[in-house]
Each structure stands twice: as C-alpha cells, then as structure tokens.
Amino acid sequence: MERLDKILASQGSYSRKDVKAIIKSGRVTVNGETVKNSSVKISENDVVTLDGTALTLKKHIYLMLNKPQGIVSASDSKTEKTVIDLVPDYLFRSGLFPAGRLDKDTVGFVLITDDGDFAHRILSPKNHVVKTYEARLESKLTEPQRAMLQKGIVLADGTTCKESRVKILENGDNPLVQIQICEGKYHQIKRMFAAAGNKVTYLKRTKMGNLSLDETLSFGECREITPQELSEIENGKFFSDFEQ
Ligand code: URA
C-alpha cells in the first residue's frame, strides 16, 4: 500500500507537488469515487483514474525497445536523441533508464526500466545472465579466433573477458555469428573480435537471458515486458559447461 500522491508521481511526469494540486482539484477517482485527499493508501488492485482515464498502477515498469542505429543509450542528452525519447507517452514515467547500454550504431533489444535492483541483478556479471548478439564480421571467422573468444579473450588494453559462446549462423567471407556473453564492458563485442584479429561491421542484441527480442517491434518501437517474460530474462544463465 502506497500513498495516492506518491503512486501518481511515480507513474508519469508530474512532480509530487503537481500531483497534490491535481488530486485537490477533483480530477482523480479511486474505485469510482472522487478522492481529494493525497494521503489515501492505494494497492495495486485499486482502480485509479486521472481525468477519466484509468492508470495502470505498477510499482515498476519494464519495457523492451527495438533500438535503431543513431540513438544513444542514455537517460538524457542535451545534443542527441536517447532511447528514453523513444518511449511513448502512455508508457513514460519519471526515473526510466536503459538497463545496459548499446553503442549508438548497435541495434536491437534494450531493456528500459525504473527498477534499479532488477537492472543490477541482470547486469552484474556475477549473476551470469546471458546477453546474446548477432555480429556481421569483416572476414571469415577462423577456428583459432573462435577458440580464443570462447576461452576468455584478453583485449588490447589488457582487460580479460570471461568465456563466451560463439556460433556461426552464416558462413562465408563476411560471416554472421551469434555470440553470448554475461558481461557488459565498454564496446565489449567489437573489442573482443578486434583482439581476435577480426572486425564487427554490424551488431544487434537479440536476446537478454532467455527472452528474445520481439521481432514484431519495428525499429524505434517498444512494448511492456510481461512478468512471465521478466523471469525468462533472469532464468537465462550462462553455465561454464557449455559445448565448445
Ligand atoms: N558490445 C559492443 O561492442 N557494442 C555494443 O553495443 C554491445 C556490446
């Protein structure tokens, strides 16, 4: 149970002060009754409306975005368009941030939430939640390159990466490969392939944990992640006994 003003302030772009004034002016109903007292306690099962529109009362929100190229994975930027700018008004609330960054030119699955604990759980390498990417390479992936990447490659600056899983999806001079990692170092995948003597020319995140990017989302579109899907993310762990 939370106070009505606190809940309303957490749902959208209104401050707690604005929310108090809105409630006082009679624009809010709880279970069909106009409520003018900001301190009334509300549970997730109560139906709250603002100006006649029912609000979905959830403590936190979790969104899946299909990120296009050219957008930065930040909460705000004075100069560039961010992933948060792509969230439509009906899903927006204050405190949203991308849980894990993709480079400006990387596309695919970005999880946007206001739940810091959840983000920490899925991003901490200690929890081994797998992030799956598809990478187009500049040249053929040799077996020694694949073995180096899988074993845990050392980057040009001496940073050691944990083991990864690499699978060839399309063979050839510019192969398409799938790579799975459970870390999120800066430019990690591009730097891993560079350290192995290859080059990533296109990168897409296709999966977080066991949850795949919803391919019905066009670039720039997002939708809510269901509670079932959230557990699919957390259950997608990386084990060291994978096939080499
Ligand atoms: N690794 C990269 O190099 N870039 C990304 O955007 C994500 C992982």
Subject >> FRET efficiency estimate (nearest 0.05) - Cβ-Cβ, Asp214 to Glu143, R0 25 angstrom >> reply: 0.15
Subject >> Förster-model FRET efficiency, 41 Å R0, Lys167 and Arg3, C-beta, rounded to 0.05 >> reply: 0.20
**OP:** Return Phe118, Phe219, Phe97 ranked ascending by Cβ neighbour count within 10 Å, so the fewest neighbours appear first.
**Re:** Phe219, Phe118, Phe97
**OP:** Show that you can apply the helix-only estimate: for the chain, add -39,500 (n - 2.57) for every DSSP H stretch of four or more residues, divide by all residues, and state [θ] at 222 nm to the nearest 500.
**Re:** -6000 deg cm²/dmol
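Treat every Asp and Glu Cβ in region 87-189 as -1 and every Lys and Arg Cβ as +1, leave all other atoms uncharged, and give the resulting dipole magnitude about the Cα centre to the nearest 20 debye. Mind showing how you got there, number by number?
On the way: 14 positive and 14 negative charges, 66 e Å.
Value, rounded to 20: 320 debye.
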Subject >> Label-point separation in nm, Asp89 to Thr160, each point 7 Å along Cα→Cβ >> reply: 5.4
**OP:** Hey, can you grab everything whose amide H is under 5 Å from the amide H of Leu102? Only 5+ residues off in sequence or another chain; H modelled, so Pro and N-termini drop out.
**Re:** Ser73
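Count neighbours as other Cβ atoms within 10 Å of each site's Cβ, and list the GluC sites (Glu not before Pro) in region 1-59 that are DSSP loop with at most 15 such neighbours. Walk me through the numbers on the way to the answer.
Details: sites: Glu2, Glu33, Glu44; in loops: Glu44.
When the GluC sites (Glu not before Pro) of region 1-59 are filtered for loop state and at most 15 Cβ neighbours within 10 Å, Glu44 remain.
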Original post:
Cα centroids of region 1-69 and region 83-139: how far apart, whole angstrom?
Top reply: 26
Subject >> region 138-224, dipole about Cα centre (Lys/Arg Cβ +1, Asp/Glu Cβ -1), debye to the nearest 20 >> reply: 260
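Where a number appears in this text, it was derived from the coordinates with a stated rule and is not lab data. As the structure is a prediction and not an experimental result, all values here were calculated from the model. Glycine gets a Cβ as well: all are built from the backbone with ideal geometry, and neighbour counts include every protein chain shown.
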